[in-house]
Amino acid sequence: MKKPVVSVILMTALMLAAGLGRAGETQAARDLFRQGNAHYQNGDYPAADRCYRRLLDRGIESGAVYYNLGNACFKSRKLGEAIYYWEKARRKLPRDSDVRENLQFAGLLVVDRIDVPEDPLPVRIVSGAAHLLTAAQESKIVLGLFVAANLLFGFYFLLRTRRAALRLFIAGLAAALLMILFAASLGWKLYQESHLQEGVIVAPKADIRSAPGGDGITVVTVHEGIKVQVRGEAGGWYQITLPNGWTGWLPPSALRIL
């Protein structure tokens, strides 16, 4: 289990990005972050949990806060909540090794072992590469490549030297191809965010039922920490699909939506 992120400089940048630019608000949030870290280091994990949640209530939804909150939940023996917040952190910090290692370790502690066929190696490679960057980061790269490609093609038409013009054309073509690849990855991410909703089971034990409501037949009983796809909602219950394809309904108290 990794220690919490303690960089106050990082937190300041995140608070400014979240719009908490006024000195008083920034200082208060920075102090709250420090308090959470101090409570964590002293072993008072419920107090640390409260500090990090207060930061989220203030709109500071950063990878550092989610990661630290996941650590506090894990130390408080709330495995489902820990996995949920680490998953939130992973979406903000897709290349962070601490987040990835914590999720891998927590996965070993999940009670239920659901057999899922492994994707082919090329699919795993492409999927891994696509999740190295966030959608915001990829949008900036696409914009930068678009500008670069247009500038290179523009200079290509202006130059009279054939060799130099050819180099600019090849460079412009490479930038355009990279832009298309990153744009395709960005489009898939945006589609996933808008159409493919996921959640984490946080109840220590939950009965997945055949229909929304307590009158449905129990299809299977699962435990905290499983990540599921959320298909819909009816009667205040969520229709979910387990990793092996089984479908059923869960009450909102048992599930946290990512």
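The values are calculated or read from the model by the stated rules, or taken from the named source; none is laboratory data. Just so it is clear, the model here is predicted, and its values are computed rather than measured. All Cβ positions, even for glycine, are placed from backbone atoms using ideal geometry, and neighbour counts span all protein chains on display.
Annotations
- Any hit, the stretch 180-190, residues being outside any loop (DSSP other than H, G, I, E, B) and in contact with a Leu (Cβ under 6 Å, 6 or more places away or on another chain): no
- Among the criteria (1) at pLDDT 90 or above; (2) over 16 Å from residue 225 (Cβ atoms), the one residue 59 does not fulfil is (1).
- Restricting attention to the stretch 85-99, the residues that are within 11 Å of the chain's Cα centre (by Cα), free of Cβ contacts under 8 Å to residues at least 60 places away in the same chain and in a helix (DSSP H, G or I) add up to 6.
- Filter result (closer than 11 Å to residue 238 by Cβ and buried (at least 19 other Cβ atoms within 10 Å of the Cβ)) within the stretch 192-205: 199, 201
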